[in-house]
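Working notes for the structure below.
The values are calculated or read from the model by the stated rules, or taken from the named source; none is laboratory data. Treat the numbers as computed from the prediction; the structure is a model and nothing was measured. Using ideal geometry, Cβ is built from the backbone for each residue, glycine included, and neighbour counts are taken over all protein chains shown.
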Amino acid sequence: MTTVSIQGKNYGIYQFTGEVIDSNKQREMHVHGGGGATYQGTGGNAPVTSSTTIHDQFFLIDDQGQEHDVTLSNWNVTLRIGHHIQMIWVIPENKDRGPYVIVNNLNLKKFQRNDQAIRQLASDHYGKLFWGGVVGIIVISVMIKLILLPILGIIGAVIYTKKRKQVMTELQAAIEKEMT
């Protein structure tokens, strides 16, 4: 485990490497919508959309003989039995668990990064502070009937977005340093 400090908050970066001993991939299709209406001989169809969720499950055995079960959704990882895979995940301070952020196939020299999980970690970094500020601005605006105070909220949102991007960039760099 490696600990990195990013803008005053610690993150544990964990990893293990193992050989794929079994793998399974399933696709789950979701269909949404339907209906439609007819009025005096005319009508229309309601739009129908579909989405597919890809479920990857694979088993790795590490150098100590410990077997690891890995289950991922919407990663669509490229691997097969016998490949050596490095898994990296991040746990923020004061948390018990965190998301997988890298699947690194050492045989193919190809890695996949979960940018959505890293973005969520970065959003959570200042999340409580940001939303506390928004609530504070709203309460103060109502109490003193100032219209200009919400502008501070907009400025705060811009600062929050910039800080989130900085955290995300630093976290990605720290994670990629751990790749073998």
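Annotations
- Scanning segment 122-140 for any residue that is of a type in the set (S, T, N, Q), modelled with pLDDT of 75 or more and closer than 30 Å to residue 108 by Cβ turns up nothing.
- Hits in segment 97-108 - residues which are outside any loop (DSSP other than H, G, I, E, B) and not aromatic (Phe, Trp, Tyr): 101, 102, 103, 104, 105
- Residue 94 meets all of the listed conditions (1) in a loop (DSSP other than H, G, I, E, B); (2) modelled with pLDDT of 95 or more; (3) under 26 Å from residue 161 (Cβ atoms) but one, namely (2).
- Yes/no for residue 116 being within 16 Å of the chain's Cα centre (by Cα), closer than 22 Å to residue 11 by Cβ and without any contact (Cβ under 8 Å) to a residue 12 or more places away in the chain: yes
- Residue 66, sole failed condition from (1) at pLDDT 95 or above; (2) surrounded by 12 or more Cβ atoms within 10 Å (Cβ to Cβ): (2)
- Flag for residue 88 being assigned to a helix (DSSP H, G or I), in contact with a helix residue (DSSP H, G or I) (Cβ under 7 Å, 6 or more places away or on another chain) and closer than 26 Å to residue 59 by Cβ: no
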